[in-house]
C-alpha cells in the first residue's frame with residue numbers, strides 16, 4: 001500500500017467523483033475571514049463539517065448501548081457553530097460525499113487545531129467501495145464547553161492504495177452504513 005499525493009487525489013476526485021463537492025486547493029482565509037483549513041493538502045484531503053449536529057445529552061439518564069442506542073439521547077442542532085458540553089460529544093457529518101475505490105482504504109485523522117483544544121475527532125476507516133457522507137464524532141475532553149465550526153476543516157483523510165483489489169469490498173458485503181446521507185446513528 002502507498003499513501004496518495006495531492007495529484008492522485010485531484011485526479012480521482014475530478015475524473016471519478018471520489019469526493020463531492022471537491023476543493024482543489026487548501027483554503028485558509030485571512031484576517032476576519034480566516035477559517036480552519038480545508039481542501040487538498042500534500043498527502044490528504046481536509047474535510048469540512050456540515051451544519052447538522054446531534055449533541056449528546058443524558059437528560060433521560062440513558063445507558064449508552066451500541067446495540068440499542070436511544071436516539072432521544074441527542075439534541076438536534078442546525079447552526080454554523082456547535083457548542084459541545086464539557087466531557088460530552090456530538091455527531092456531525094462531512095460536507096463532502098465520498099466514493100472510495102475498490103483498491104483504496106481511507107483513514108481519517110483529527111486536525112491539530114482541534115486536538116490542541118482537547119477536542120478529539122473520531123472516525124472509523126472508510127473501506128474499499130464504501131460511499132456516503134462521513135459521520136464524525138467530536139469528543140470534548142475538557143471541563144469547559146467546546147466549539148465546533150461548520151463549513152470549516154475538522155479532519156484529514158489519508159488515502160492508501162493497494163497494488164491489488166480486495167476480494168470482498170464493503171459494497172459487496174452490503175455494509176450497513178453504505179450510502180449514508182446526513183448524520184447516521186449506530187446500527188446493528
Could you list, in sequence order, all residues of the stretch 168-188 that are more than 9 Å from residue 132 (Cβ to Cβ) and either in contact with a strand residue (DSSP E or B) (Cβ under 9 Å, 6 or more places away or on another chain) or in contact (Cβ under 8 Å) with a residue 40 or more places away in the chain (or both)?
-> 169, 170, 171, 172, 175, 182, 183, 185, 186, 188
Can you tell me which residue among 54, 4, 78, 67 is within 26 Å of residue 183 (Cβ to Cβ) and either surrounded by 12 or more Cβ atoms within 10 Å (Cβ to Cβ) or in contact with a helix residue (DSSP H, G or I) (Cβ under 8 Å, 6 or more places away or on another chain) (or both)?
-> 54
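Every residue, every condition in (1) part of a strand (DSSP E or B); (2) surrounded by 15 or more Cβ atoms within 10 Å (Cβ to Cβ), yes or no:
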residue: 128; (1), (2): no, yes
residue: 139; (1), (2): yes, yes
residue: 163; (1), (2): no, no
residue: 177; (1), (2): no, yes
residue: 186; (1), (2): no, yes
Taking into account only those residues within the stretch 27-43 that are at pLDDT 85 or above and assigned to a loop (DSSP other than H, G, I, E, B), which is farthest from the chain's Cα centre (by Cα)?
-> 34
With 96, 24 as the choices, which residue is touching a strand residue (DSSP E or B) at 6+ places or on another chain (Cβ under 7 Å), part of a strand (DSSP E or B) and surrounded by 12 or more Cβ atoms within 10 Å (Cβ to Cβ)?
-> 96
What single numbered condition from (1) modelled with pLDDT under 95; (2) loosely packed, with under 14 Cβ neighbours inside 10 Å; (3) under 20 Å from residue 84 (Cα atoms) fails to hold for residue 124?
-> (3)
Matching residues in the stretch 44-83 - criterion: being at pLDDT below 95, touching a strand residue (DSSP E or B) at 6+ places or on another chain (Cβ under 6 Å) and assigned to a loop (DSSP other than H, G, I, E, B) | 57
Note: among 154, 121, 134, just one is touching a residue at least 12 places away in the same chain (Cβ under 8 Å), under 28 Å from residue 68 (Cα atoms), touching a helix residue (DSSP H, G or I) at 6+ places or on another chain (Cβ under 7 Å) and in a strand (DSSP E or B), namely 121
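The values are calculated or read from the model by the stated rules, or taken from the named source; none is laboratory data. Fair warning: this is a prediction, and the values are worked out from it, not measured in the lab. Quick reminder, even Gly has a Cβ in these numbers, built from the backbone with ideal geometry, and neighbours come from all protein chains shown.
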